[in-house]
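Starting off with a structure, shown below.
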Amino acid sequence: MEVGFKSDKGLKRSNNEDACFVLLPDKVYLVADGVGGGNAGEIASRTAVSEIAGYIVEHPIKQVTNKYAVVNYFQDCLDNANAVIFDKARRYEENKGMATTVAVVYAKEGKVYIANVGDSRVYLYRDGQLLQLTEDHTYVNTLLKAGVISREQAAMDDRKNVITKALGAEVTVEPDFFQVNFIKDDVFIICTDGLYDEVDEDEMKKIIEENPSMSDICAAMISAANENGGHDNITVISLKVTEEDVDEQ
């Protein structure tokens, strides 16, 4: 995988409550977007990436042999992170109510496995098309799925960032899991809402098409988000499938 990643606090926030982590040897990539007062959101997102990375180091993911085992592996991994964040939120008054989104991507033998909680997203760019692979766990998306509001209304709704699932918010966590077969030159974008709230999919596609370097894609997307307002923290990981990845199948 060709990899780029970048995080920025944006133009309106005093601190960065986003976090990202790249485990290159394991081909695991993740972003997290913390919520909570004071520094609590920052603590939540950093705890999430630290706990997930630590779990993967202690429980070698290369030993996981099939898709069902991958799902169980990441469920256990996120259960562990959830418990740690939930305990910190309960134990310390200043952390009360803290939680975080998380989106995890794992590449293995021609497939990408995704686990997500909250509204951080994973996109796939292929053959000129950009497809959102994850589903937002938000109040507005629940209304949209139920047919209560239209897609246009959802885009304008002030509650669009009210999340319905988060790591550390409850005693248990129920991630969504997805699996996608990859081909050479696929580009995966993992990002927090600070990107897609400011940069629409047409602009994302244009940036991907104009920047062959994964690092340049991340930098250009963050620049675009800031040019369009930069109201939130922005974090982007970009991954491009190489010939070598295809040959490993």
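The values are calculated or read from the model by the stated rules, or taken from the named source; none is laboratory data. Not measured: the values here are computed from a predicted model. Cβ coordinates were reconstructed from backbone atoms using ideal geometry, including for glycine residues, and neighbour counts include every protein chain displayed.
Any residue in the range 129-158 that's in a helix (DSSP H, G or I): show its pairings with residues that are at pLDDT below 75 and exposed (fewer than 11 other Cβ atoms within 10 Å of the Cβ) at Cβ separation under 8 Å, as long as the two are six or more apart or on different chains.
Correct list of pairs: Tyr139/Arg159; Val140/Arg159.
Still on this structure: Residues Cys20, Cys77: which one is touching a residue at least 24 places away in the same chain (Cβ under 8 Å) and either within 27 Å of Asp232 (Cα to Cα) or small (Gly, Ala, Ser) (or both)? Reasoning before the result, please.
Details: Cys77 fails: either within 27 Å of Asp232 (Cα to Cα) or small (Gly, Ala, Ser) (or both).
Exactly one residue qualifies, and that residue is Cys20.
Sort out which residues of the range 67-108 are over 9 Å from Gly168 (Cβ atoms) and part of a strand (DSSP E or B), and write them in order of number.
Once the filter is applied, which keeps residues that are over 9 Å from Gly168 (Cβ atoms) and part of a strand (DSSP E or B), the range 67-108 yields Thr101, Val102, Ala103, Val104, Val105, Tyr106, Ala107, Lys108.
So Phe188 ticks every box in (1) buried (at least 17 other Cβ atoms within 10 Å of the Cβ); (2) more than 15 Å from Leu131 (Cβ to Cβ) but one. Which box is left unticked?
Going through the list (1) buried (at least 17 other Cβ atoms within 10 Å of the Cβ); (2) more than 15 Å from Leu131 (Cβ to Cβ), Phe188 breaks only (2).
For the range 47-77, enumerate the residues that are hydroxyl-bearing (Ser, Thr, Tyr) and either in contact with a Lys or Arg (Cβ under 9 Å, 6 or more places away or on another chain) or farther than 18 Å from Val117 by Cα (or both). Please lay out each step first, then the result.
Step one: of the range 47-77, the residues hydroxyl-bearing (Ser, Thr, Tyr) are 47, 50, 55, 65, 68, 73.
Thr47, Thr65, Tyr68 - these are the residues of the range 47-77 that are hydroxyl-bearing (Ser, Thr, Tyr) and either in contact with a Lys or Arg (Cβ under 9 Å, 6 or more places away or on another chain) or farther than 18 Å from Val117 by Cα (or both).
Would you confirm whether or not the range 20-40 contains a residue that is buried (at least 18 other Cβ atoms within 10 Å of the Cβ), of a type in the set (D, E, K, R) and part of a helix (DSSP H, G or I)?
No, the range 20-40 contains no residue that is buried (at least 18 other Cβ atoms within 10 Å of the Cβ), of a type in the set (D, E, K, R) and part of a helix (DSSP H, G or I).
Moving on. Among the candidates Val71, Val122, which residue alone is at pLDDT 95 or above, of a type outside the set (S, T, N, Q), more than 16 Å from Thr164 (Cβ to Cβ) and crowded, with 22+ Cβ neighbours inside 10 Å? First the steps, then the outcome.
Values: Val71 fails: crowded, with 22+ Cβ neighbours inside 10 Å.
On inspection, the qualifying residue turns out to be Val122.
Anything in the range 220-241 that is farther than 12 Å from Asp193 by Cα and either in contact with a Cys (Cβ under 7 Å, 6 or more places away or on another chain) or at pLDDT below 95 (or both)? List them, or say none.
Within the range 220-241, Ile237, Ser238 qualify.
Still on this structure, I have one more. With a cut-off of at least 2 residues that are on the phi < 0 side of the Ramachandran plot and acidic (Asp, Glu), name the helices (runs of 4 or more DSSP H) lying wholly within the range 176-237.
Values: elements: 193-196, 201-210, 214-227.
In the range 176-237, the matching helices (runs of 4 or more DSSP H) lie at 201-210, 214-227.
What is the one condition in (1) polar (S, T, N, Q); (2) loosely packed, with under 15 Cβ neighbours inside 10 Å; (3) modelled with pLDDT under 95 that Thr172 does not satisfy?
(3)
Which number in (1) surrounded by fewer than 15 Cβ atoms within 10 Å (Cβ to Cβ); (2) free of Cβ contacts under 8 Å to residues at least 12 places away in the same chain; (3) of a type outside the set (A, V, I, L, M) marks the one condition that Asn211 misses?
Status for Asn211: all satisfied but (1).
Next question, about the same structure. Looking at (1) in contact (Cβ under 8 Å) with a residue 24 or more places away in the chain; (2) closer than 21 Å to Gly4 by Cβ; (3) of a type in the set (D, E, K, R), which is the one condition that is false for Glu170?
Glu170 satisfies every listed condition except (2).
Cβ-Cβ below 7 Å, separation at least six or inter-chain, first residue in the range 54-73 and within 15 Å of Ala107 (Cβ to Cβ), second of a type in the set (A, V, I, L, M, F, W, C) and in a loop (DSSP other than H, G, I, E, B): which pairs?
So the pair list comes out as Val70/Val64; Tyr73/Val64.
Among residues belonging to the range 41-53 that are within 14 Å of Asn82 (Cβ to Cβ) and not hydroxyl-bearing (Ser, Thr, Tyr), point out the one that is surrounded by the most Cβ atoms within 10 Å (Cβ to Cβ).
Filtering the range 41-53 for residues within 14 Å of Asn82 (Cβ to Cβ) gives 44-45, 47-52.
Okay, now just the ones that are also not hydroxyl-bearing (Ser, Thr, Tyr), so 44, 48-49, 51-52.
On the way: Ala44: 33, Ala48: 31, Val49: 21, Glu51: 19, Ile52: 24.
It comes out as Ala44.
I've got another one for you. I want to confirm something. Restricting to the range 38-72 and keeping residues that are of a type in the set (D, E, K, R) and more than 19 Å from Arg90 (Cα to Cα), which single residue is nearest to the chain's Cα centre (by Cα)? Even if it seems obvious, please write down each step before you answer.
Kept after step one, since they are of a type in the set (D, E, K, R), are these residues of the range 38-72: 42, 46, 51, 58, 62, 67.
Applying the additional criterion that residues be more than 19 Å from Arg90 (Cα to Cα) yields 58, 62, 67.
Values: Glu58: 22, Lys62: 22, Lys67: 20 Å.
Per the criteria, the residue is Lys67.
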